[in-house]
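Below you'll find the structure, written out as structure tokens, and then a few comments.
No lab work stands behind these numbers, since they all come straight from the coordinates. Please read these numbers as outputs of a predicted model, since none were measured by experiment. Positions of Cβ are backbone-derived with ideal geometry, glycine not excepted, and every protein chain shown enters the neighbour counts.
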Amino acid sequence: MDFNRLKLARINNILAVLFLLVLVYLLYDLFVFTAPRISDSIKKSGTDIIHEDSSPQNAKQKSSDISVARQLDYYTQKIGAKNLFKASLVEESSNTTIAATEAQTLILKGVIAGRNPQAVIEDTKTQKTYFVVKNDKIGDIIIDSVEENKVKLKLGSEIFVLTL
């Protein structure tokens, strides 16, 4: 019986040593070999990649493949200039301007899913928030449907869509 315990203890020690050797190897590989590759890829930007091969033919091909990267301020100004949460027109009609201005004051804040989904809509003109379901009214506007991330509104024959 002692012989079997000695045998198991020896096998256990051998396995523990092998485990430690594999662990040391993996950590060494992770920190020594991958660290330079990661730092090199971080240092390179899109312009560095273009200038890496300076032959005119390759530079022309690479510059057409890579779009111009702009500063964050450029994109935030473009996004800030647009009203992302306004109602979008689905059907066009002759009276679209009147209907569009009424629907643009509405902002979809959220949708509560379930058997009878509800929408949370804020009217920026009156500073009121409405919890509505299908066929409810906000002024003259009728809630046509409430879906997962959008609400269809009906004003006369006009249909507008509010999206999250």
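Here are some notes:
- Peptides 144-151, 133-140, 156-163 ranked from most to least packed give 156-163, 144-151, 133-140, packing being the mean of other C-beta atoms within 10 angstrom over each peptide's residues.
- As a rough guide to protection, the peptides 120-128, 2-10 ranked by mean Cβ packing within 10 Å, highest first, stand as 120-128, 2-10.
- Estimated distance in nm for a label pair at THR124 and LYS7, the labels positioned 7 Å out from Cα along Cα-to-Cβ: 8.1
- Over 23 Å between alpha carbons, listed pairs LYS128/LYS152; LYS125/LYS150; LYS109/LYS137; LYS78/LYS125: LYS78/LYS125
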